Amino acid sequence: MSPSGPNQKQRANLRQWLPLLCGVLLAGAMVWSLTPTEPPCAYVVGPAGAATVATPARVVFVAPGEAAAPPPEGERTSWTCSNEGVSVPALPVHVSTSMFENPETLVEATSITLHLSSTPVTREGHVMTLEGGGLLVLPQPGLPGSLPEGDIAEPFITVDFGGNVTTARYVPAPEAPGR
């Protein structure tokens, strides 16, 4: 380029590449908008009185023998996860990485069906027994076809692992104070 600006040939060359450059920038912006900003939800399934409930959870991995560190005094941590593209409050579930040394830790789930809106979503995934009892249900992440539509009166989750079907009522995680 000359100090006075681009010459005629340089302008023609720029005009030739401009549509491609704009397309690449637009595609990059679209992919960026689809990139999740938070992990997909796992679900803690366990008894609550006479009912079995499922609560959204966010898995936090800790080193073997290491206890989960509480947040610093006065600092409240808000945990969230992506439930079919919608951010929801989540319980932090601390899982020791040593649990994965045993190949029988994760059991493959034939299907995990989320009946959280008028349109159920079925995914494959895994189920893991937690140290304190209960199950950690880990659906395979997927891009939602569309945002969930229509509330249903009693949302629930059904997990089928090896013919053993568990149905749990969906209970939202409590929001952290100040959210």
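Laboratory data are not the source of any read-out in this text; all were calculated from the coordinates shown. Everything quoted here is computed from the prediction, not taken from an experiment. Glycine also receives a Cβ, built like all others from the backbone with ideal geometry; neighbour counts cover every protein chain displayed.
Here the calculated FRET efficiency for SER87 and ARG123, from their Cβ-Cβ distance with R0 = 30 Å, stands at 0.95, rounded to the nearest 0.05. Karplus-based coupling profile of the range 49-57, in residue order and whole Hz: x, 8, 9, 9, 10, 10, 10, x, 9, with θ = phi - 60° in 6.51 cos²θ - 1.76 cosθ + 1.60 and x standing for Gly or Pro. With R₀ set to 25 Å, the beta-carbon distance separating THR105 from GLU175 gives a calculated FRET efficiency near 0.25.
Pull out the extension gain between SER96 and PHE61, defined as 0.36 nm times the separation in residues minus the alpha carbon to alpha carbon distance; nm, one decimal. Result: 12.0 nm gained on full extension. Which value in nm describes the separation of the simple spin-label points at SER78 and GLU154, placed 7 Å from the Cα toward the beta carbon? Rounded to a tenth, the inter-label distance reads 3.2 nm. Between THR167 and ALA51, full extension at 0.36 nm per residue minus the direct alpha carbon distance yields a gain of 40.8 nm.
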